[in-house]
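**Q** Before I ask anything, here is the structure I am working with.
The numbers here are math on the coordinates, done by the rules we state, and not lab data. None of these values were measured; they are calculated from a predicted model. In this analysis, Cβ positions are derived from the backbone assuming ideal geometry, glycine residues included, and neighbour counts consider all displayed protein chains.
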Amino acid sequence: MTMSRDYSNLFPDVTLLKPPLSALDALGWQPFFAQQTNVDELLERAPARIIEVHRSGPHVLGDKIDLMLPPRADLTVGDWLILDPVTKEIHRVLERKSLLKRPAPGTERKEQLIAANIDTVFVVTSCNDDFNVARLERYIALAFEAQIIPVIILTKTDMVADPQPYIDQASSISDQVTCVALDARGEEPKAKLADWCKPRATVAFLGSSGVGKSTLSNALLEGQSIATQGIREDDARGRHTTTRRELHTMPNGCLVLDTPGMRELQLAHVASGIEDLFSDISELSAQCKFNDCSHETEPGCAVLVAIDQGAVDPARLGRWRKLMAEDAFNSASLSERRAKDKAFGKMVRAVTKPKKNRR
Ligand SMILES: Nc1nc2c(ncn2[C@@H]2O[C@H](COP(=O)(O)OP(=O)(O)O)[C@@H](O)[C@H]2O)c(=O)[nH]1
Ligand SMILES: [Mg+2]
Ligand SMILES: [Zn+2]
């Protein structure tokens, strides 16, 4: 053992020497946003972040700003705005670092914005019946599309004799995705998620209902939550309505977004996310004899060869096929709806019509 002297008693705790986080830092203000504005603009206007969206509109916080704004469908939790602090008007929306969106549930064929400016997506599932590789792949494709590196969190390890089979399956989904297994109650989340929960970062929990997203959020927040007391009584109309998604600040200055469970996550416009997730199949496809190969019966199909050799799991190819088909159908459907909305006319509709026979 090497000898080392412990000097820690002689020096004050270095963490005490760090300047306290500014109001904006505590909301996740990063250089990416700061460089979109300048001193001149900030003399007259102020940045503010949407920390939750009520039915009555977004709730924004900034430096000495705590406001409810009128509803706007193109904004979502996590967005950074430049406001006129006097008129309370939105001057502009800062360019997003990332955006998570999905086709809205139901038959409306609209997009629903889930959250903006997320740095890490924690895809949460449990060591029980919720665990489902195909479902995890959906969330991961969504995150990849938004260029966010996801992390799989397996909760309820305390409920099974051996969590390893779950860990093995989750780890096999992508070599780009870390898998963390834990008991969401107690101290484990803080220690095991510390690598991602840095000051000014924004992390989001996604996953089905009941898997432990709120338990994890609470564990990270250690009883603290973002201050909302500044709302004036007459502004507080929306305060008690159900909030769908809400940002909170951890004691170290990391922002945490808890979300309600998604019953069914449909995908649209995530083709490159799917390609990243199934990069093995994408790479093999490039070697197929036909460049529109469907990897079913075609001669010279590199994917079928890989399956024969046991290099690719046929179930994985099946899931890839299903996601690709769903993405193509939903994307076309959303585009068609958008075209109608914009009264683009028959011509555009014909071009974007869902390709029903596509596999
Ligand atoms: N034993 C155990 N219970 C957990 C764990 N994570 C969550 N729970 C429990 O599962 C239930 C649902 O958790 P919750 O955080 O509300 O799930 P959410 O719907 O994803 O937000 C609660 O009763 C939690 O106490 C865990 O790791 N181990
Ligand atoms: Mg919850
Ligand atoms: Zn092929």
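**Q** At 7 Å along Cα-to-Cβ for each site, give me the label-to-label distance between ALA328 and ALA104 in nm.
**A** About 2.7 nm, to one decimal.
**Q** Another question, if that's okay. Any chance you could run the full-extension gain for SER171 through GLU95? It's 0.36 nm times the residue separation minus the Cα-Cα distance, nm to one decimal.
**A** 24.0 nm
**Q** On to the next question. Can you work out the FRET efficiency for the pair ALA73 and ALA161, with r the C-beta to C-beta distance and R0 = 45 Å, to the nearest 0.05?
**A** 0.40
**Q** Within the stretch 286-342, list the trypsin sites (Lys or Arg not before Pro) lying in a DSSP loop whose Cβ has at most 15 other Cβ atoms in a 10 Å radius.
**A** Filter output for the stretch 286-342: LYS289, LYS342.
**Q** Hey, can you rank 134-141, 99-106, 60-67 by average C-beta count inside 10 Å, highest first?
**A** So the peptides 134-141, 99-106, 60-67, ranked by packing, come out 134-141, 60-67, 99-106.
**Q** What length, rounded to one decimal in nm, is gained on full extension from ASP25 through to ASP40, with 0.36 nm per residue of separation minus their alpha-carbon distance?
**A** Answer, rounded to one decimal: 3.4 nm.
**Q** 5 Å is the cut-off here: which amide hydrogens, built 1.01 Å from N in the peptide plane, fall below it relative to THR202, excluding neighbours closer than 5 in sequence?
**A** Those lying under 5 Å, H to H, from THR202 are ASP119, THR120, LEU255.
**Q** Please report, for the Cα atoms of the stretch 49-90, the Rg to one decimal and the Dmax as a whole number; what are they, in angstrom?
**A** 9.2, 25
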